[in-house]
Amino acid sequence: MSTPASRHPSAPASPEEGPLGESAGAVLSFRTTAGWGNVPGKWAASVSTQAATFEAWIRTTVKDPQTIILGSHSPGATPRISVGGDQISVYWNTSGEGPGWTSADTTPITDGRWHHIAVVFDQGAITFYKDGVATADQLTVGSPQQAAGDLQLGAGFGTTTGFVGQLYGARVWSVARTAGQIATCRWAQLVPIPSGLTVAASFDPVKQEIVNLIGNGTGSVSNGKVVPTDLPVPSWALSFSGTTGDSVSMSDISGLSTTAATFECWMKMSTAAGVAGRPQTLIRQALGAPELMYAGDDKLSVSWLGNECDSADTRPVSDGAWHHVAVVFDHGYVTLYKDGVATADSLQVPDGLPTGTALLIGGGPDGTFDGDLYDVRVWKCARTASEVSSFRYATLQGNEADLVALSGCEQVYPLPVSYVVNQVNHQPAQVSGRVGVVPVP
């Protein structure tokens, strides 16, 4: 799990000087709204609102409307794919007039981290995707439109400015890609070239050019730069079957007590019948010292050496979506969190109770988890409310102060389960039962 779906807490790197991670490469970077890149090739002939897919990785902090992909065809755009206020929009009209279509989904994609966006046209129906997941929008093109003109990346059009940030992996298809293809293939290099792909933009940092891998033509970059930086990489989750014997165990976890400790993870519970109603272990140490559990019916509970605290909060965490849960111990006082917000419970256990040194994830005598868990973290400190809330999206490296456990994997897909590790001490975890490793959308 190369640090599952969390995000780095520090400010994003300069567009010209991104950090070189394990997966590094060239991206198209713009510092101002006056830039654009020209993509060569005969991309438009078979692309229309009847069958087309546009996709790209973006990294930006700008909230104002800005163009990602543009079919430049003055006075219109055929089409323009843009983002503004975390909403994806499309405009497709040769006249420069007429309506556009904007997603109502405001899931963050302009937070300075890499995000994948896609727009699929299938017989006039529009489907927007963010990080491999379709939005709930139901929009339809009024009349068929044909792609035309020069294809540009990041070019402003109308009231929508040029893109400020980084672009990578821009692709155009003359087919309506499926939800499964959008979710899983956004990471892939697509070799050999699949049928229906008309644009696959690559970037040459030496010549400062855009290369369309479909035909290998080259295009220029204006008021922008091709730079090396970290590329988006998949996140991985531990997948539990809910059967007895499923667990992931880590050793040498020490320094915790009810005086100061924090346990947290992301969970995505199975929606199979009966699952939401039964107790399931999320994280536990030694012989129940402590144990963070899903208690059933959307409630959480925690116990430490027989001292049990049950939450009355029923905000949903069993609906099949990803949810962040945490428990903080601070001199015996216990605070539970759901999705970064503390519950209203008033809970307490004796101060100074110790723990063992073994950490068990997803399994235990009180019930095995059924679903996916990722970014399991254990701290030997009482994290503050703001740290729990804001840092749940942060990509940790394993060397943070007071962090004693961080679930992860040290290999890319396809990934054997035996490579699950504690990224703090780099010791391999013991995987039991039917636990698997799956990509996080």
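The values are calculated or read from the model by the stated rules, or taken from the named source; none is laboratory data. Here the structure is a predicted model, which means the values were calculated and not measured. For neighbour counting, all protein chains shown are included, and Cβ atoms are generated from backbone atoms with ideal geometry for every residue, glycine included.
Structure values in brief
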{"quantity": "Yes/no for residue 197 being crowded, with 18+ Cβ neighbours inside 10 Å and either β-branched (Val, Ile, Thr) or in the same structural domain as residue 434 (by TED's automatic domain parsing) (or both)", "calculated": "no"}
{"quantity": "Subset of the range 75-106 [in contact (Cβ under 8 Å) with a residue 24 or more places away in the chain, in a loop (DSSP other than H, G, I, E, B) and polar (S, T, N, Q)]", "calculated": "94, 103"}
{"quantity": "Residue in the range 173-194 that is surrounded by the most Cβ atoms within 10 Å (Cβ to Cβ), counting only those that are among the hydrophobic types (A, V, I, L, M, F, W, C), modelled with pLDDT of 95 or more and in contact with a Gly (Cβ under 7 Å, 6 or more places away or on another chain)", "calculated": "173"}
{"quantity": "Failed criterion for residue 225 (all others in (1) of a type outside the set (Ser, Thr, Tyr); (2) assigned by TED's automatic domain parsing to the domain that holds residue 397; (3) surrounded by fewer than 20 Cβ atoms within 10 Å (Cβ to Cβ) hold)", "calculated": "(2)"}
{"quantity": "Matching entry among 323, 331 (being in the same structural domain as residue 361 (by TED's automatic domain parsing) and crowded, with 17+ Cβ neighbours inside 10 Å)", "calculated": "323"}
{"quantity": "Qualifying residues in the range 71-108 (those that are under 27 Å from the mean Cα position of the chain (by Cα) and of a type in the set (A, V, I, L, M, F, W, C)) - the one farthest from residue 158 (Cα to Cα)", "calculated": "104"}
{"quantity": "Residues (of a type in the set (S, T, N, Q), in contact with a Ser or Thr (Cβ under 6 Å, 6 or more places away or on another chain) and either buried (at least 24 other Cβ atoms within 10 Å of the Cβ) or not in a strand (DSSP E or B) (or both)) located in the range 33-52", "calculated": "33, 46"}
{"quantity": "Yes/no for residue 303 being outside the structural domain of residue 134 (by TED's automatic domain parsing), in contact with a Pro (Cβ under 9 Å, 6 or more places away or on another chain) and surrounded by fewer than 21 Cβ atoms within 10 Å (Cβ to Cβ)", "calculated": "yes"}
{"quantity": "In the range 228-258, residue nearest to residue 361 (Cα to Cα) [restricted to those that are hydroxyl-bearing (Ser, Thr, Tyr) and buried (at least 18 other Cβ atoms within 10 Å of the Cβ)]", "calculated": "247"}
{"quantity": "All positions within the range 53-89 that are surrounded by 23 or more Cβ atoms within 10 Å (Cβ to Cβ) and of a type in the set (A, V, I, L, M, F, W, C)", "calculated": "54, 56, 58, 68, 69, 70, 77, 81, 83, 88"}
{"quantity": "Members of the range 300-330 that are under 23 Å from residue 386 (Cβ atoms), within 31 Å of the chain's Cα centre (by Cα) and assigned to a strand (DSSP E or B)", "calculated": "300, 302, 323, 324, 325, 326, 327, 328, 329, 330"}
{"quantity": "Subset of the range 133-153 that is surrounded by 21 or more Cβ atoms within 10 Å (Cβ to Cβ) and in a strand (DSSP E or B) - its residue that is nearest to the chain's Cα centre (by Cα)", "calculated": "153"}
{"quantity": "Selected residue [of a type in the set (A, V, I, L, M) and touching a His at 6+ places or on another chain (Cβ under 8 Å)] from 267, 250", "calculated": "267"}
{"quantity": "Subset of the range 109-132 [in contact with an Asp or Glu (Cβ under 6 Å, 6 or more places away or on another chain) and either in a loop (DSSP other than H, G, I, E, B) or without any contact (Cβ under 8 Å) to a residue 40 or more places away in the chain (or both)]", "calculated": "109, 110"}
{"quantity": "Residue satisfying all of: in the range 90-106; modelled with pLDDT of 95 or more, of a type in the set (Ser, Thr, Tyr) and over 17 Å from residue 146 (Cβ atoms); surrounded by the fewest Cβ atoms within 10 Å (Cβ to Cβ) among these", "calculated": "102"}
{"quantity": "Failed item, numbered, when residue 195 is tested on (1) within 24 Å of residue 37 (Cα to Cα); (2) small (Gly, Ala, Ser); (3) free of Cβ contacts under 8 Å to residues at least 24 places away in the same chain", "calculated": "(1)"}
{"quantity": "Some residue of the range 417-424 being in a helix (DSSP H, G or I), within 21 Å of the chain's Cα centre (by Cα) and polar (S, T, N, Q)", "calculated": "no"}
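Each row is one residue, and each column tells you yes or no for (1) over 23 Å from residue 133 (Cβ atoms); (2) free of Cβ contacts under 8 Å to residues at least 60 places away in the same chain; (3) touching a strand residue (DSSP E or B) at 6+ places or on another chain (Cβ under 8 Å).
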| position | (1), (2), (3) |
| --- | --- |
| 245 | yes, no, yes |
| 265 | no, no, yes |
| 275 | no, no, yes |
| 279 | yes, no, yes |
| 298 | no, yes, no |
| 318 | no, yes, yes |
